[in-house]
Amino acid sequence: MAFYDAFLAKCEALRAAGKTVIFCGDVNTAHREIDLARPKENQTTTGFLPEEREWMDRLVALSSITDTFRLHYPELTDQYTWWDQLTRARERNVGWRIDYFFIAAEAAGRVEDAFILPDVTGSDHCPVGIRLKV
């Protein structure tokens, strides 16, 4: 959790210096119940713990960082970026959305689309992306 706090402070410092902040990657946390297939069963599982989700809340609410996928698809279900390989969860689409593109709220209007490419295989994760206005 200390890393998350330090990362957030760095983002805020960049924004204060007039930089547009966009970051992406595997944050190992599903933010909301809609972001994983079985939220009730995973309440005490790392990646969906209250303190991890609280960091995501702070990121989005207090720091005005926008989850680009939810910006465009706020209630779209069954959209995941990671599946357990041992249980062949991808075949059943029992997954978690833990890979994100985030953008500072002041630049969110530049995001034309955000997408997940679940059909791209080769890993237990799939690619995510955004399309920005020039």
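The values are calculated or read from the model by the stated rules, or taken from the named source; none is laboratory data. These figures come from a predicted structure and were not determined experimentally. Glycine gets a Cβ as well: all are built from the backbone with ideal geometry, and neighbour counts include every protein chain shown. These area figures cover heavy atoms from the full protein model, side chains too; ligands, DNA and RNA do not enter into them. Shrake-Rupley method; radii C 1.70, N 1.55, O 1.52, S 1.80 Å.
What the table shows:
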quantity	calculated
Which label in [x] 38, 34, 25; [y] 54, 32, 28; [z] 46, 33, 26 gives the computed Cα extents along the principal axes in Å	[z]
Percent accessible area from carbon and sulfur atoms, the chain, protein chains only, probe 1.4 Å	55
Dipole moment magnitude, nearest 20 debye, the range 43-131 about Cα centre, only Lys, Arg, Asp, Glu C-beta charged	100
Qualifying trypsin sites (Lys or Arg not before Pro) for the range 1-94 [loop in DSSP, other Cβ within 10 Å: at most 10]	R88
Degrees, to the nearest 10: 2-16 long Cα axis against longest axis of the chain	40
Estimated inter-spin distance, F23 and L86, nm [label 7 Å along Cα→Cβ]	3.0
Computed [θ] at 222 nm, deg cm²/dmol, the chain (DSSP H ≥ 4; -39,500 (n - 2.57); rounded to nearest 500)	-6500 deg cm²/dmol
Spacing of the two label points (7 Å from each Cα toward its C-beta) at N93 and Q43, in nm	2.7
